[in-house]
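Single-structure report; data block below.
The values are calculated or read from the model by the stated rules, or taken from the named source; none is laboratory data. Keep in mind it's a predicted model, so treat the numbers as computed, not measured. Virtual Cβ from ideal backbone geometry, glycine too; neighbours counted across all protein chains shown.
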Amino acid sequence: MATFLDVSALSLVTPIFVFLLIFVLVYATVLKTKILGENNALMVTAALSVAVISMFAGSSVPQFIINTVPWIVALFIGLLFLIFIYLFLGGSSEKEIMEQLGLKWVVFVILIVIVFIGLVQVIRLSPLQQSQGGNLTSEDTFKQEIVSTLVHPRILGALFLMIIAAFAVKLLTDQVKK
């Protein structure tokens with residue numbers, strides 16, 4: 001039964017959106033970095049080539065983009081609402097908000113987590129999926145292996161040390177600036 005909210009037809013044009021997103025991101029990167037010089041035709045050709053290769057090389061890149069872009073958009077919409085609320089309550093500018101709340105690093109860390117989760121969902125880390133007998137394990141076992149790896153004491157200890165080091169560097173650089 002067709003409904004007003006039926007968006008299943010969008011799955012037919014998803015490859016076009018993914019292609020356009022890859023093309024625009026690569027073109028913007030090449031244009032901004034001037035890595036290929038000033039030749040616009042060369043930049044368009046390079047961006048088009050990367051977009052076509054990523055679409056036809058396999059399903060990993062499009063699936064990664066399909067998995068991660070909605071979360072990144074949700075992050076930025078949430079950030080936009082947070083900034084609007086802060087401005088509504090008397091904040092002066094977006095730059096002040098980013099500095100006062102430390103949102104630059106929070107957004108960066110959340111982006112890294114989103115990309116990592118997207119990569120894990122797409123790649124599926126095939127060595128972890130195989131059991132001792134060579135048979136593929138179930139999805140639940142795979143998720144348990146990922147969780148047990150992430151909460152391993154060595155990983156948590158390294159993460160704790162990196163957090164301490166980050167705070168130490170921030171405090172030391174703040175003292176030098178004064």
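Among the listed residues ALA9, ALA41, ALA51, ALA47, identify the single one that is of a type in the set (Gly, Ala, Ser) and within 19 Å of the chain's Cα centre (by Cα). Exactly one residue qualifies, and that residue is ALA51. Within the stretch 104-123, does at least one residue satisfy the condition of being over 24 Å from the mean Cα position of the chain (by Cα), more than 25 Å from MET162 (Cα to Cα), at pLDDT below 80 and part of a helix (DSSP H, G or I)? No, there is no match, as no residue in the stretch 104-123 is over 24 Å from the mean Cα position of the chain (by Cα), more than 25 Å from MET162 (Cα to Cα), at pLDDT below 80 and part of a helix (DSSP H, G or I).
Right, VAL50: of a type outside the set (S, T, N, Q), in contact (Cβ under 8 Å) with a residue 12 or more places away in the chain and on the phi < 0 side of the Ramachandran plot or not? So VAL50 passes the test. Of the residues making up the stretch 156-175, not a single one is in contact with a Ser or Thr (Cβ under 8 Å, 6 or more places away or on another chain), hydrophobic (A, V, I, L, M, F, W, C) and modelled with pLDDT of 75 or more. Hey, does the stretch 49-65 have a residue that's at pLDDT 90 or above, in a helix (DSSP H, G or I) and surrounded by 15 or more Cβ atoms within 10 Å (Cβ to Cβ)? Checked against the condition, which is being at pLDDT 90 or above, in a helix (DSSP H, G or I) and surrounded by 15 or more Cβ atoms within 10 Å (Cβ to Cβ), the stretch 49-65 yields at least one hit.
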